[in-house]
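We did not get these values from a lab; they are worked out from the coordinates using the rules stated. Quick caveat: nothing in here was measured; it's all calculated off a predicted structure. Note: ideal-geometry Cβ built from the backbone for every residue, glycine included; neighbour counts use all protein chains shown.
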Amino acid sequence: MTSRGLTYDEFEIGNIYPSQARTVTEADIVNFAGLSGDFNPLHTDAEFAKSMPVGERIAHGVLILAMATGMANWMGIFEGTTIALMEQVTRYKGAVKFGDTIHLEMEVSEKKPTSKADRGVVKFAVRVKNQSAAIVIDGEWTLLMKTKS
């Protein structure tokens, strides 16, 4: 069976893979609060959030990170070729408000062969941007990928 994903050999340093965008809804935040148990008033209490620096409720940072992993999968570049997600480094750079539209950009920053010929390590610089192109999350993801052979 052929997979749609790219192999270690097909990733080139400097290549950028952008995802489709999506709007973060109140339902996303409510569902995530219920799933995670994180009912911090920054996310769930409109009156409380008015008194905070952003002035309104914001999405959970970890929710946006989870959405980013989904966006990475929408691209199809990892379908059937990823062996493991080895590491995620995450830096939260800005708030995501209800109604913001976000997308993911992944840039190949490093490639390293392993001692096994059927796999290699690919590191990506990862950026989640809002509708104004402001970076709300940046970081690095390191993946163990299959090779062509």
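Data overview
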item	result
The chain: angle of helix 61-74 to the longest principal axis, Cα-based, in degrees nearest 10	40 degrees
Estimated FRET transfer efficiency when R0 is 25 angstrom, pair LYS116-ASP9 (beta carbons, to 0.05)	0.95
Partners for LYS146 among lysines (Cα-Cα distance below 28 Å; same-chain residues under 8 apart left out)	LYS111, LYS112, LYS116, LYS123
Residues of type aspartates and glutamates that LYS129 reaches as a straight line, Cα spacing below 14 Å, ignoring anything fewer than 8 places off in the same chain	ASP100, GLU105, GLU107, ASP138
Expected 222 nm ellipticity per residue - DSSP helices of 4 or more, -39500 (n - 2.57), all of the chain, to 500	-6500 deg cm²/dmol
Between helix 26-36 and the chain: long-axis angle, C-alpha atoms, 0 to 90°, nearest 10	70 degrees
